[in-house]
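Report on the following structure.
The values are calculated or read from the model by the stated rules, or taken from the named source; none is laboratory data. Quick caveat: nothing in here was measured; it's all calculated off a predicted structure. Virtual Cβ from ideal backbone geometry, glycine too; neighbours counted across all protein chains shown. Areas reflect the complete protein model, heavy atoms only, side chains present, ligands, DNA and RNA absent. Shrake-Rupley method; radii C 1.70, N 1.55, O 1.52, S 1.80 Å.
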Amino acid sequence: MIDLARLFGAHYRPSPGSVYPAIEALQAEGLIDGQAHDGKTTYRTTAAGDEALEARRDALAALELRTGARFGGADSIEPLLARFKAQLAPLSGRVDLQAVAAILERAAADIESLNGLPTTKETD
């Protein structure tokens, strides 16, 4: 469940005139489904909605960078990688690629070590 105040900060006040038409459009497209409970409706993405989000991963990553919001994917590294790519893409052609490769190799090894298994370099 996405809490807009959590995503965009306590000062964000969505207007019903923009939120409800967006919800209706997403439901009409089959991207979300609502479940009423205790006078409130909770919306979740459908399988089609999940596919649409996946197809727009790079755009969401760029939006996260601009707004500071974080969208889903708590159990996957993919959104983090997309955000990383969006953050560094503007540097393409302006930095030393060999230095970048070395930094990324070290970072990958550090991340691999988080699960307690041998890193790729240790198994080669």
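At-a-glance table
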| read-out | value |
| --- | --- |
| I32 long-range amide H proximity, modeled H, under 5 Å | Q27, T46 |
| Accessible solvent surface per residue of the stretch 19-87, calculated while the other protein chains remain in place, 1.4 angstrom probe, Å² | 72 |
| Paramagnetic label zone (point 7 Å from Cα along Cα-to-C-beta, A99; backbone N under 15 Å) in the stretch 75-93 | 91-93 |
| Tensor-based shape of the stretch 26-118 (alpha-carbon gyration tensor, a/c under 1.5 rounded, otherwise prolate or oblate) | prolate |
| For R57, solvent-accessible area (1.4 Å; no DNA, RNA or ligand), Å² | 50 |
